[in-house]
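The values are calculated or read from the model by the stated rules, or taken from the named source; none is laboratory data. Note that the structure is a prediction, hence the values are computed from the model and not measured. No Cβ is skipped: glycine too gets one built from the backbone with ideal geometry, and neighbour counts run over all protein chains shown.
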Amino acid sequence: MPGSGSLQESSDGGLKAAGVVARDRNESSVAVGRQMLLRAISAFIVLPGMVAFAIPIGIGASAGNPVQHSVAAAAVVCAGTVLLLWCVREFYVAGRGTLAPWSPPKRLVVSGPYRFTRNPMYVSVIIIVVGWSVLWDSRMLIYYALGTLATVYARVRVIEEPWAARTFGSQWEAYRGRVPRWFV
């Protein structure tokens, strides 16, 4: 038929013009992207948001210690937060997933800070907690940081590294061979 353009079968069994099908696919892609972004944001709030911000602030504020070394503390917390946000971005953009166990990356993330350490997100959380301990000059927050570090270390060794080996195979093995677990 002249001027009718190309037709494709739609998901409901009818026919749609090729441009309409392409638009439907683009809208679906945008919806999936928005859903993944919402999962990434919620995972950030629930996981490092609690461990690096809510719990340490609660500990520090409730201890009754006066705020000290605010400039140094702000520098440490800000540096850790920038690193953390960079990690979350890499999981979302390069890994096509989130930091949450319920929505992990679909690709092995080896870019950004992951070029220098296999666990920069955990490093950033510890940096942030140390910053809070500087702010309140809090021994309790140092203990919290050490406990968090021990928990993270065990999680990495027992859960995350075996999962990465199963999921990414030889790509993981090559990455593991060239990038340290921490910084050394």
When segment 73-99 is examined, which residues are found to be of a type in the set (Val, Ile, Thr) and surrounded by fewer than 19 Cβ atoms within 10 Å (Cβ to Cβ)?
-> 81, 82, 93
Only one residue in 158, 134 is surrounded by 19 or more Cβ atoms within 10 Å (Cβ to Cβ), of a type in the set (A, V, I, L, M, F, W, C) and modelled with pLDDT of 95 or more. Which one?
-> 134
Counting only residues that are of a type outside the set (A, V, I, L, M, F, W, C) and over 10 Å from the mean Cα position of the chain (by Cα), which one in segment 121-138 is farthest from residue 42 (Cα to Cα)?
-> 137
Is one or more of the residues making up segment 176-184 modelled with pLDDT of 95 or more, exposed (fewer than 13 other Cβ atoms within 10 Å of the Cβ) and assigned to a helix (DSSP H, G or I)?
-> yes
Test: residue in segment 64-80 that is more than 12 Å from the chain's Cα centre (by Cα), within 26 Å of residue 184 (Cα to Cα) and not aliphatic (A, V, I, L, M) | yes
Examine segment 17-27 for a residue that is among the β-branched types (Val, Ile, Thr), modelled with pLDDT of 70 or more and surrounded by fewer than 17 Cβ atoms within 10 Å (Cβ to Cβ), and state whether such a residue exists.
-> no
Check segment 40-52 and report whether any residue there is more than 12 Å from the chain's Cα centre (by Cα), free of Cβ contacts under 8 Å to residues at least 60 places away in the same chain and surrounded by fewer than 15 Cβ atoms within 10 Å (Cβ to Cβ).
-> yes
Quick one: which helices (runs of 4 or more DSSP H) sit completely within segment 57-174 and have at least 1 residues that are among the aromatic types (Phe, Trp, Tyr) and free of Cβ contacts under 8 Å to residues at least 12 places away in the same chain?
-> 139-155
